[in-house]
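Participant: Right, I'll just put the structure down here and ask away after.
The values are calculated or read from the model by the stated rules, or taken from the named source; none is laboratory data. A quick note: this is a predicted structure, and the numbers were derived from the prediction, not measured. Cβ: placed from backbone, ideal geometry, glycine included. Neighbour counts: every protein chain shown.
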Amino acid sequence: MCGIVAAVTQRNIISFLLERIQRLEYRGYDSAGLALINQNNNFIRVRCVGKVNELIKKTKNKKLFGKIGLAHTRWATHGKVSEENTHPHISSNIAIVHNGIIENSFQIRSFLEKKGYIFYSDTDTEVIVHLLHWEQKKTGKSLLEIMHYSLMKLKGNYSMVVMDSKNSSKLIAVCSGSPLIIGLGAGENFIASDQIALLGVTKHFIYLKEGDIAIVKLKKIKIFNQNNCIVQRKIIESDIKYEYIKKGKYKYYMEKEIYEQPKSIRNTLKNRLKDNKTIYFPELGKKETNIFLHLEHIHIVACGTSYHAAMVAKHWFESLANIPCDVEVASEFTSRKLAIRRKSFFVTLSQSGETADTLMALRISKKLGYLGNLTICNMKSSSLVQESDSYLLTKAGVEIGVASTKSFTTQLTVLLMLVAKIVSIKKKEDNIEKKIVKILTVLPYRIEEILKTKKAIQNIAKKLYNTKNMLFLGRNDQYPIAMEGALKLKEIAYIHAEAYPCGELKHGPLALIDKDIPIIIIAPKNSLLEKTKKNIQEICTRGGLIYVFSDEEINLEKNITCLKVPYVEEIIAPISYVIPLQLLAYYIALSKGTNIDQPRNLAKSVTVE
Ligand code: HGA
């Protein structure tokens with residue numbers, strides 16, 4: 001959340017900053033701003049409420065010039081969405097852009113107010129910049145010299161970039177709580193929250209580590225670690241091209257990402273299905289094998305869409321591997337007193353690997369006596385991967401749409417492989433691994449077939465886009481899929497939706513049923529279908545408006561619309577049945593005309609608790 005781009009160059013940097021901060025808009029889009037140091041060593045700042053397009057308009061005829069500058073796109077946490085609260089914030093000769101939350105900002109603010117500082121915003125960020133100014137004024141030292149000492153006074157997360165108009169040769173980057181990377185150019189250098197912002201100007205990146213402070217000049221970079229010692233960080237060469245992450249023929253990234261799922265899953269499976277018989281994870285070694293052999297319980301912690309993937313995995317671990325598995329939302333895990341099961345293994349799931357709640361859960365878990373931990377993540381350079389004992393990458397490719405799609409199905413793919421791997425290590429059942437490998441091999445083809453139901457789903461979407469409320473029902477491993485369908489609809493179409501296990505409706509929610517509430521029922525043909533049919537009948541007799549997604553034609557009554565889903569093997573049915581629900585939410589949102597990639601109040605990569 002919140003995007004940062006900064007550059008120190010030998011050319012006018014304004015258009016670079018505007019173009020690159022726009023690429024990070026997925027991280028926050030409440031407001032946007034930038035600041036440059038001009039030839040007279042003064043700050044020029046432009047800020048506006050809304051998207052980067054507004055900022056582009058506002059800067060257009062201003063003939064701005066500066067060779068060093070910083071830009072920010074905000075997802076507000078402290079202070080409403082307003083121009084005054086938009087970054088960069090300035091205190092005399094110091095300007096800052098910040099990603100995170102300062103927990104003790106009120107105390108520091110009142111201290112600084114007593115010292116005569118006037119605050120122009122309600123943000124916690126302005127507290128940092130005045131604090132730096134106060135320390136500099138008090139000591140007469142350089143920004144770098146006071147940085148380490150000043151930061152010790154802050155509680156919370158404060159990844160940020162700072163520049164000093166009295167010393168316009170350098171930027172200072174601080175990495176704490178959310179990612180910051182340095183892009184190495186030829187005679188120029190850059191800083192950003194995500195390498196996407198810098199693709200095209202460089203392929204070479206340094207990922208700052210937690211607690212790092214970096215001094216970034218035209219031709220020199222110096223990094224201090226959290227103990228204030230100079231360190232060398234690895235330079236990574238990226239093979240991502242900006243072309244890969246363009247929308248291409250699609251209207252929205254979410255649409256592109258839905259249709260990309262067969263390819264993403266193929267990438268996730270690549271080099272992991274050995275001779276088409278066994279699962280092979282090159283990332284895991286002897287230590288993990290030993291833990292898998294001895295574990296008796298799995299505890300998965302995640303948020304949002306990843307939490308739904310974890311819930312599906314619980315069914316797989318228990319039904320296929322006979323391993324008890326509990327699943328918990330990360331913010332709940334971090335809020336309660338915990339009792340750990342015997343020989344339990346801790347697993348986290350996150351697309352970005354920067355989800356603050358999940359990261360906090362991992363840190364807490366390390367003190368609780370789990371056998372070990374593993375993260376399933378889409379970003380190798382992320383904090384979750386760095387801080388976990390072991391990791392498995394989902395290889396979904398860059399996901400830009402705020403509502404997750406391909407990261408969900410690739411997480412499920414990895415989780416199913418993990419189930420197979422653990423079963424085989426424990427020598428529980430020989431056949432399961434082989435069976436799972438065989439099924440995973442056909443998974444991308446099954447999804448390709450399901451994507452062909454687009455037209456039928458568009459027709460349903462046309463009927464439903466005006467609705468105010470919707471229910472999603474699923475049974476067993478399809479209940480988390482119902483939850484995911486409801487979440488997608490809430491996120492991008494702003495329609496209130498709830499998910500229930502099929503059998504739970506009669507225990508209360510049946511009271512809601514009338515002809516105006518559409519009910520989506522996920523009912524693949526399996527041993528539970530007969531039970532689900534009884535639930536459908538119960539809704540029918542009460543006049544409910546039913547849409548059944550099934551591979552069996554279900555026409556029990558007139559008020560049922562059946563979406564015929566192509567055949568899919570039972571184990572991978574949850575991965576396949578989420579596709580029509582993603583499409584449904586997408587086409588409903590499209591009919592409503594919402595901003596699908598950037599839904600209101602949300603942002604991708606939730607780096608605040
Ligand atoms: N607290 C700052 C930065 C917000 C942020 O990092 N969001 O993810 C603000 O409210 O401006």
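Participant: Determine which single condition Ser176 fails, assuming it passes every other condition in (1) among the polar types (S, T, N, Q); (2) away from the ligand (no atom under 15 Å from the Cβ); (3) part of a loop (DSSP other than H, G, I, E, B); (4) touching a residue at least 40 places away in the same chain (Cβ under 8 Å).
Facilitator: Tallying (1) among the polar types (S, T, N, Q); (2) away from the ligand (no atom under 15 Å from the Cβ); (3) part of a loop (DSSP other than H, G, I, E, B); (4) touching a residue at least 40 places away in the same chain (Cβ under 8 Å), Ser176 fails exactly one: (2).
Participant: Does His87 satisfy being within 14 Å of the ligand (Cβ to nearest atom), within 24 Å of Tyr26 (Cβ to Cβ) and not in a loop (DSSP other than H, G, I, E, B)?
Facilitator: no
Participant: Run down Asn104, Asn61 and say which single residue is surrounded by fewer than 21 Cβ atoms within 10 Å (Cβ to Cβ) and either under 22 Å from Asn189 (Cβ atoms) or away from the ligand (no atom under 16 Å from the Cβ) (or both).
Facilitator: Only one candidate qualifies: Asn61.
Participant: Report yes if some residue within the range 390-405 is outside any loop (DSSP other than H, G, I, E, B), in contact (Cβ under 8 Å) with a residue 24 or more places away in the chain, surrounded by 24 or more Cβ atoms within 10 Å (Cβ to Cβ) and under 23 Å from the mean Cα position of the chain (by Cα); otherwise report no.
Facilitator: So the first thing to find is which residues in the range 390-405 are outside any loop (DSSP other than H, G, I, E, B), and the list is 390-393.
Those left that are additionally in contact (Cβ under 8 Å) with a residue 24 or more places away in the chain: 390-393.
Checking which are surrounded by 24 or more Cβ atoms within 10 Å (Cβ to Cβ) leaves us with 392.
Then keep just the ones that are under 23 Å from the mean Cα position of the chain (by Cα); that gives 392.
Yes, because at least one residue in the range 390-405 is outside any loop (DSSP other than H, G, I, E, B), in contact (Cβ under 8 Å) with a residue 24 or more places away in the chain, surrounded by 24 or more Cβ atoms within 10 Å (Cβ to Cβ) and under 23 Å from the mean Cα position of the chain (by Cα).
Participant: Do we have Asn42 as without any contact (Cβ under 8 Å) to a residue 40 or more places away in the chain and more than 16 Å from the ligand (Cβ to nearest atom) here?
Facilitator: It is false that Asn42 is without any contact (Cβ under 8 Å) to a residue 40 or more places away in the chain and more than 16 Å from the ligand (Cβ to nearest atom).
Participant: Take the residues in the range 502-519 that are over 12 Å from Met470 (Cα atoms), surrounded by 15 or more Cβ atoms within 10 Å (Cβ to Cβ) and touching a residue at least 24 places away in the same chain (Cβ under 8 Å), then tell me which one is farthest from the chain's Cα centre (by Cα).
Facilitator: Residue satisfying both the conditions and the ranking: Leu510.
Participant: So which residues in the range 523-553 are surrounded by fewer than 21 Cβ atoms within 10 Å (Cβ to Cβ) and modelled with pLDDT under 90, if there are any at all?
Facilitator: Gln537, Glu538, Cys540, Thr541, Arg542, Gly543, Glu553
Participant: Which of the following residues is surrounded by fewer than 17 Cβ atoms within 10 Å (Cβ to Cβ) and more than 18 Å from Lys220 (Cα to Cα): Tyr120, Tyr158?
Facilitator: Matching residue, one of Tyr120, Tyr158: Tyr120.
Quick grid of which residues meet (1) in a helix (DSSP H, G or I); (2) surrounded by fewer than 20 Cβ atoms within 10 Å (Cβ to Cβ); (3) in contact (Cβ under 8 Å) with a residue 12 or more places away in the chain:
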{"site": "Lys263", "(1), (2), (3)": "yes, yes, yes"}
{"site": "Asn271", "(1), (2), (3)": "no, yes, no"}
{"site": "Glu283", "(1), (2), (3)": "no, yes, yes"}
{"site": "Lys287", "(1), (2), (3)": "yes, yes, yes"}
{"site": "Phe292", "(1), (2), (3)": "yes, no, yes"}
{"site": "Ile300", "(1), (2), (3)": "no, no, yes"}
{"site": "Phe317", "(1), (2), (3)": "yes, no, yes"}
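Participant: Identify, from the list Ala493, Ala486, the residue that is crowded, with 21+ Cβ neighbours inside 10 Å, among the small types (Gly, Ala, Ser) and closer than 25 Å to Asp326 by Cβ. Give the steps one after another, and end with the answer.
Facilitator: Working: Ala493 fails: closer than 25 Å to Asp326 by Cβ.
Testing whether each residue is crowded, with 21+ Cβ neighbours inside 10 Å, among the small types (Gly, Ala, Ser) and closer than 25 Å to Asp326 by Cβ leaves just Ala486.
Participant: Here is a further query. Identify all residues within the range 586-605 that are buried (at least 19 other Cβ atoms within 10 Å of the Cβ) and within 16 Å of the ligand (Cβ to nearest atom); write none if there are none.
Facilitator: Gln598, Pro599, Ala603, Lys604, Ser605
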